[in-house]
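Engineer: Take a look at this one; I'll ask things after.
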Amino acid sequence: IKQAHNKNYHVFRIDVTLYKDCLLKSARAFLVYKSLEDIGELIKTVPSVEDLEQENFGSSFGIMLISMKNIEEIRALIEGISEIDKVDIAEIK
């Protein structure tokens, strides 16, 4: 994280909550994951990528992202995916 800040990148913790009745949770998580991967480097997911793929999670998951994008751009990207109930983004300083 310190190296990313030294290179003027932003580091974000992103918490995504899906609709409670969301079908194919793993597909939604993959869309979020892939969309974020296209704009930066994902350094951690909670739960793990394997658990996301196997739908071994409730209705929410978290991702740590390093990117040059700002919070508004990231929020717009994620909120453009269907069946997303809530997105919380915090920049880690």
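Engineer: Given a 1.4 angstrom probe, what's the average accessible area per residue across segment 6-93, in square angstrom?
Structural biologist: 60
Engineer: Provide the FRET efficiency to the nearest 0.05 for the E73-K93 pair, computing r from the beta carbons and using R0 = 25 Å.
Structural biologist: Details: r = 18 Å, r/R0 = 0.74.
With a Förster radius of 25 Å, E is 0.85.
Engineer: Related question: Restrict the search to the chain; then list the chymotrypsin sites (Phe, Trp or Tyr not before Pro) that DSSP places in a loop and that have at most 15 other Cβ atoms within 10 Å of their Cβ.
Structural biologist: Y19
Engineer: My understanding is that a pair violates if its Cα-Cα distance is over 18 Å; which of K2/K34; K2/K86; K2/K44; K25/K86; K20/K86; K34/K93 do that in this structure? Show your work: numbers first, answer last.
Structural biologist: Numbers: K2/K34 24 Å; K2/K86 28 Å; K2/K44 15 Å; K25/K86 14 Å; K20/K86 11 Å; K34/K93 24 Å.
Those over the limit are K2/K34; K2/K86; K34/K93.
Engineer: Okay, next question. Which whole-number percent is the relative contact order of the chain (Cα, under 8 Å, 6+ apart)?
Structural biologist: The value is 47 percent.
The values are calculated or read from the model by the stated rules, or taken from the named source; none is laboratory data. This one's a predicted model, so the numbers in the text were calculated from it and none came from an experiment. Glycine also receives a Cβ, built like all others from the backbone with ideal geometry; neighbour counts cover every protein chain displayed. Surface areas here come from the heavy atoms of the whole protein model, side chains and all, with no ligands, DNA or RNA. Shrake-Rupley method; radii C 1.70, N 1.55, O 1.52, S 1.80 Å.
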